[in-house]
1. How many residues are at pLDDT 95 or above and surrounded by 22 or more Cβ atoms within 10 Å (Cβ to Cβ) if we restrict to the range 17-38?
2. Could we say that A88 is modelled with pLDDT under 95, open to solvent by 40 Å² or more (accessible area, probe 1.4 Å) and of a type in the set (G, A, S) here?
3. Any idea which of A76, A155 is without any contact (Cβ under 8 Å) to a residue 60 or more places away in the chain, outside any strand (DSSP E or B) and over 15 Å from C36 (Cα atoms)?
4. Considering only residues of the range 97-139 that are open to solvent by less than 60 Å² (accessible area, probe 1.4 Å), at pLDDT 95 or above and not in a strand (DSSP E or B), which is farthest from S61 (Cα to Cα)?
5. Can you name every residue in the range 64-90 that is closer than 15 Å to I111 by Cβ and among the aromatic types (F, W, Y)?
6. Looking only at the range 140-152, which residues are in a loop (DSSP other than H, G, I, E, B) and modelled with pLDDT under 95?
7. Name the residues in the range 55-77 that are aliphatic (A, V, I, L, M), over 28 Å from N153 (Cβ atoms) and either in contact with a helix residue (DSSP H, G or I) (Cβ under 7 Å, 6 or more places away or on another chain) or open to solvent by less than 60 Å² (accessible area, probe 1.4 Å) (or both), would you?
Amino acid sequence: MNRRRLVSAAAVIGLGASLGLVAPGSVSAQESLIACGSGNQTQRYSPGLTNTPRDITIHVSGSVGNCADPANPDRAYATFEGSGQGKASCLLGVLPTTVTYKWSDGGTSKIYFQAGVDVKPAGQSFVTVNGVVIAGEYEGHHAVKHILLTNVNIAKCSSQDGLDETGGSTNLIIT
């Protein structure tokens, strides 16, 4: 076993906390099956988010990197894409999504992310979502995703069309 590849959820949480991506204590310190410490995500909303809650379809896409999986040392990164629906506004949202991760070694994981915690300090949105792997690699295991959306144009929330896209950094931990 390559000890340099062995990463615990606690190590990723510590790294994420130092980068402002992860709230301390948001995941238990048990050893992860895979931890991906960096990535980017784009979210598109249809219709756009406004200050009034309404039915929204969300489409997410992006990638995660710096992955460490002791059982699969060649699994270094993944691209992902998914969608979901729910009620949301610029202030509050419940948008469960199903996201498929395509791993660098050819494997896939389909994860259902339930509603999470979304904190919105001025111009940013920090989201922590919990999920479960429903198909593919790591099926049946718990997943946690942290997203720091930094390009949130709050002014669009007051427009008729609303905020239709956000993006920022993300990570993924499967335990």
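1. Step one: filter the range 17-38 for residues at pLDDT 95 or above, giving 33-36.
Now drop any that are not surrounded by 22 or more Cβ atoms within 10 Å (Cβ to Cβ), which leaves 34-36.
Qualifying residue count, the range 17-38: 3.
2. Details: modelled with pLDDT under 95: yes; open to solvent by 40 Å² or more (accessible area, probe 1.4 Å): no; of a type in the set (G, A, S): yes.
No, not satisfied.
3. Values: A76 fails: over 15 Å from C36 (Cα atoms).
Result: A155 is the single residue among A76, A155 that is without any contact (Cβ under 8 Å) to a residue 60 or more places away in the chain, outside any strand (DSSP E or B) and over 15 Å from C36 (Cα atoms).
4. Among those that are open to solvent by less than 60 Å² (accessible area, probe 1.4 Å), at pLDDT 95 or above and not in a strand (DSSP E or B), it is Y138.
5. Of everything in the range 64-90, just one residue is closer than 15 Å to I111 by Cβ and among the aromatic types (F, W, Y), namely F80.
6. The answer is T150, N151, V152.
7. As a first pass, look at the range 55-77 and keep what is aliphatic (A, V, I, L, M): 56, 58, 60, 64, 68, 71, 76.
If we keep only those that are over 28 Å from N153 (Cβ atoms) too, we end up with 68, 71, 76.
Hits for the range 55-77 are A68, A76.
The values are calculated or read from the model by the stated rules, or taken from the named source; none is laboratory data. Note that this is a predicted model, so its numbers are computed, not measured. We place every Cβ from the backbone using ideal geometry, glycine too, and count neighbours over all the protein chains shown. These accessible areas exclude ligands, DNA and RNA; they are computed on the full protein's heavy atoms, side chains included. Shrake-Rupley method; radii C 1.70, N 1.55, O 1.52, S 1.80 Å.
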